[in-house]
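To start, the structure under review is shown below, and the notes come after it.
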Amino acid sequence: MRLIVMKTILFLIIPIVIGFSDSLAQPAEIISDNGKLKIKLDLTRGGAISYVSLSGSDENLVNIYDEGRYIQQSYYAGKRLDRKSEGQSQYWSPWPWNPIQVGDYYRNRAKILDYKQNEETLYVKCIPMLWDMNNVPAEAVIEQWTFLDGSSIKVHNKLTCSRTDTIYGENIPNDQELPAVYPISKLKNLFTYSGRKPFSNEPVENPKVVNLSSGFWGRYNSVTEHWMAFTDNNKWGIGIYNPNCTNFLAGMSGEPGGDAFAKSTSYIAPVKVEALNKNSVYEYDYYIIVGSVEGIRTKVYQLHNIQSDH
């Protein structure tokens, strides 16, 4: 895949560390606040993004009901296998190799290998868990670099595989969630642009939100401006931009109106088909943008223009 070259963005972050896990050496979470946005990375769950709010607000825009939610890395490789005899969940069988940053379906959590925080970057490194299996660490390492920039968040993700298995097979294409994003279901209105004149300020679209009870999330296969957003009725919310993706999954599970701890949730994932093999290294960038639909789109245009210039 084409990897976007990262640029250092200088800004003021107020680093905060609160709460401690069982180990006195490792905090439970690391927090940054740049005066516009506040974010938290949960070190008890692989360092995934567990909290995004406006600075000074206590309303978390991220659903964290279980280990499958959050804003996190999730990858798929190989063929789907029935491993129920080895502890695989009956609800997730058959299933491919699926390392996930937070933890598995049984709520066993990823192990942090390293974390760092400075004025520019939040960095985490973990051993992910296989989602469908019971307490089986994946033979892989996940890394994440997170940068605050005004009302947006730039994230660089990296997966390094070191698999020794012989059961899943090689060179098998799978849809990759880049990344998996779970906004709160209070943000119930979906916006995007999928027309033939991207980046020309044509009217945004408000597609119907597909409920997971229909059998699967909604599929949107020509998102020509590379972003989707869930908002409240005032058209304010959270957008996801991945410049390498024109295919997206999006939808809602349950009923709208829920908060960060509700069973109901919204969902967005930029998607790209990739074959991840036993020694693959995979990296990509994406952006989280908080604001009005107009503000989200304006930021996407700015980022697109920067990338086009290079």
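Within segment 290-310, the set of residues being crowded, with 18+ Cβ neighbours inside 10 Å and assigned to a helix (DSSP H, G or I) comprises V293, I296, R297, K299, V300, L303. Sort out which residues of segment 252-289 are buried (at least 23 other Cβ atoms within 10 Å of the Cβ) and out of contact with any Asp or Glu (no Cβ under 9 Å at 6 or more places or on another chain), and write them in order of number. Across segment 252-289, the qualifying residues are M252, T265, S266, Y267, I268, L276, Y284, Y286, I288, I289. When the residues of segment 100-135 are filtered to those that are free of Cβ contacts under 8 Å to residues at least 24 places away in the same chain and under 17 Å from T160 (Cβ atoms), the one that is surrounded by the fewest Cβ atoms within 10 Å (Cβ to Cβ) is D114. Every test in (1) under 18 Å from the mean Cα position of the chain (by Cα); (2) assigned to a strand (DSSP E or B) is passed by Y105 save one, and that test is (2).
Among the residues of segment 108-128, is there at least one that is closer than 29 Å to R219 by Cβ and not in a loop (DSSP other than H, G, I, E, B)? Within segment 108-128 (the criterion being closer than 29 Å to R219 by Cβ and not in a loop (DSSP other than H, G, I, E, B)), the answer is no, since none of the residues qualifies.
Scanning segment 210-242 for residues that are assigned to a loop (DSSP other than H, G, I, E, B) and buried (at least 18 other Cβ atoms within 10 Å of the Cβ) returns V210, W217, V223, E225, H226, N242. Of all the residues in segment 46-63, those that are within 24 Å of N108 (Cβ to Cβ) and either surrounded by fewer than 23 Cβ atoms within 10 Å (Cβ to Cβ) or modelled with pLDDT under 95 (or both) number 2. Selection of segment 54-91 for residues being touching a residue at least 24 places away in the same chain (Cβ under 8 Å) and among the small types (G, A, S) yields G68, S74, A77, G78, G87, S89. Which one of K125, K186, K158, K111 is modelled with pLDDT of 95 or more and under 30 Å from K235 (Cβ atoms)? K186 is the lone residue from the list that is modelled with pLDDT of 95 or more and under 30 Å from K235 (Cβ atoms).
Table: residues versus (1) under 15 Å from T298 (Cα atoms); (2) within 19 Å of the chain's Cα centre (by Cα).
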{"residue": "L190", "(1), (2)": "no, yes"}
{"residue": "Y193", "(1), (2)": "yes, no"}
{"residue": "N201", "(1), (2)": "yes, no"}
{"residue": "N211", "(1), (2)": "no, no"}
{"residue": "F216", "(1), (2)": "no, yes"}
{"residue": "Y220", "(1), (2)": "no, yes"}
{"residue": "V223", "(1), (2)": "no, yes"}
{"residue": "N234", "(1), (2)": "no, no"}
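Among the residues of segment 255-287, those identified as more than 18 Å from A229 (Cα to Cα) and not in a strand (DSSP E or B) are F261, A262, K263, A275, L276, N277, K278, N279, S280.
The values are calculated or read from the model by the stated rules, or taken from the named source; none is laboratory data. Treat the numbers as computed from the prediction; the structure is a model and nothing was measured. With ideal geometry, Cβ positions are generated from the backbone for all residues, glycine too; neighbour counts draw on all protein chains shown.
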